[in-house]
Amino acid sequence: MAYKYFAAGYLIKDNKVLLVHHKKFDKWTPPGGHIEEDETPDQALIREWKEELNLDISILPAHESAFSGDANATPIPMPFHIDLEREGFDVPHIGYFFYVKLLDENQIINIKESEIHNAKWFSKEDLATLPTFDQVRALAKYAINNFPVNKF
C-alpha cells in the first residue's frame, strides 16, 4: 500500500497550544501539511507554517541526535510523535509531529483563508470539549506538558 506523508507542528506559549480550524476536516488541528517529493518533514513544516499562517518558525528536536552528521548522513530534527492516520484521507497518511518555535516572537498571524478558518490558542482545559480528533487532543496535552524550553 502506498502512503502519503505530512508534517505538523505544536507551538506552546504561556501553557497554551496554537491550533488552526482546518477547513477540510472542520476540526481544530496543529498547523502543517503534505510533504512534497523534494522536502524533508522539517522543511515541509517550515514551508506550511509560512503558507498557512505567515509565520517563520524553527523546529525543536524532541531528542538530541545520536550522530552529528558527515558527508554521507545529515541528521534532521526528530519529531516527538509519528503515526499512521486514516480518517479524512484518500489513502492512509504517515504524520510527523514536531515542536516548533517562532523565529521572531513579534510576528503576527495572518491566516490563509483558503485552507483554514481561524487560528487560536488553547489551554489543556479547553481541549476537553474542542471539536478535534482524539489524537490531536492527546498530542496537544503532551506538547504543553513536554515542550522543550532551551533543551537543545
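Using a 1.4 angstrom probe and counting only protein chains, how large is the accessible area of LYS13 in Å², to 10?
Answer for LYS13: close to 90 Å² accessible.
Let me check something: with ligands and nucleic acids excluded, how do THR74, THR29 order by accessible area (1.4 Å probe), largest to smallest?
Highest to lowest solvent-accessible surface, that is THR74, THR29.
Keeping all protein chains in position, work out how much accessible area TYR142 exposes to a 1.4 Å probe, and write it in Å² to the nearest 10.
110
Could you tell me which residue out of LEU139, PHE122, VAL149 lies farthest along the dipole of region 111-152 toward its positive end? Charges go on the beta carbon: Lys and Arg +1, Asp and Glu -1, centred on the Cα centre.
VAL149
Provide the packing ranking of 115-123, 40-48, i.e. peptides ordered by the mean count of other C-beta atoms within 10 Å per residue, highest first.
40-48, 115-123
Determine the per residue accessible area of region 1-151 with all protein chains present and a 1.4 angstrom probe, expressed in square angstrom.
Averaged over the residues of region 1-151, the accessible area is 57 Å².
Give the shape of the chain as rounded, prolate or oblate, defined through the alpha-carbon gyration tensor: a ≥ b ≥ c are the square roots of its eigenvalues, a/c under 1.5 means rounded, and otherwise the shape is prolate if a/b is larger than b/c and oblate if not.
rounded
So which of LYS24/LYS120; LYS13/LYS120; LYS4/LYS141 end up more than 23 Å apart by C-alpha?
Among LYS24/LYS120; LYS13/LYS120; LYS4/LYS141, the Cα-Cα distance tops 23 Å for LYS4/LYS141.
When the accessible area of the chain is split by element with a 1.4 Å probe, what percent falls to carbon and sulfur?
In the chain, the share of accessible area belonging to carbon and sulfur is 50 percent.
Can you tell me the dipole magnitude for the chain around its Cα centre, using point charges on the Cβ only (Lys, Arg +1; Asp, Glu -1), in Debye to the nearest 20?
With Lys and Arg at +1 and Asp and Glu at -1, about 540 debye.
Between ASP14 and ALA71, how high is the FRET efficiency from 1/(1 + (r/R0)^6) when r is the Cβ-Cβ distance and R₀ = 30 Å? Nearest 0.05.
For ASP14 and ALA71, the calculated efficiency is 0.10.
For ASN106 paired with LEU130, estimate the spin-label separation in nm (one decimal), with each label point 7 Å from Cα along the Cα-to-Cβ line.
Spacing of the two 7 Å Cα→Cβ label points: 2.8 nm.
The values are calculated or read from the model by the stated rules, or taken from the named source; none is laboratory data. It should be emphasised that the depicted structure is a prediction, and the values quoted were computed from it without experimental measurement. We place every Cβ from the backbone using ideal geometry, glycine too, and count neighbours over all the protein chains shown. Each accessible area value is taken on the protein alone, full model and side chains, heavy atoms only, with ligands, DNA and RNA left out. Shrake-Rupley method; radii C 1.70, N 1.55, O 1.52, S 1.80 Å.
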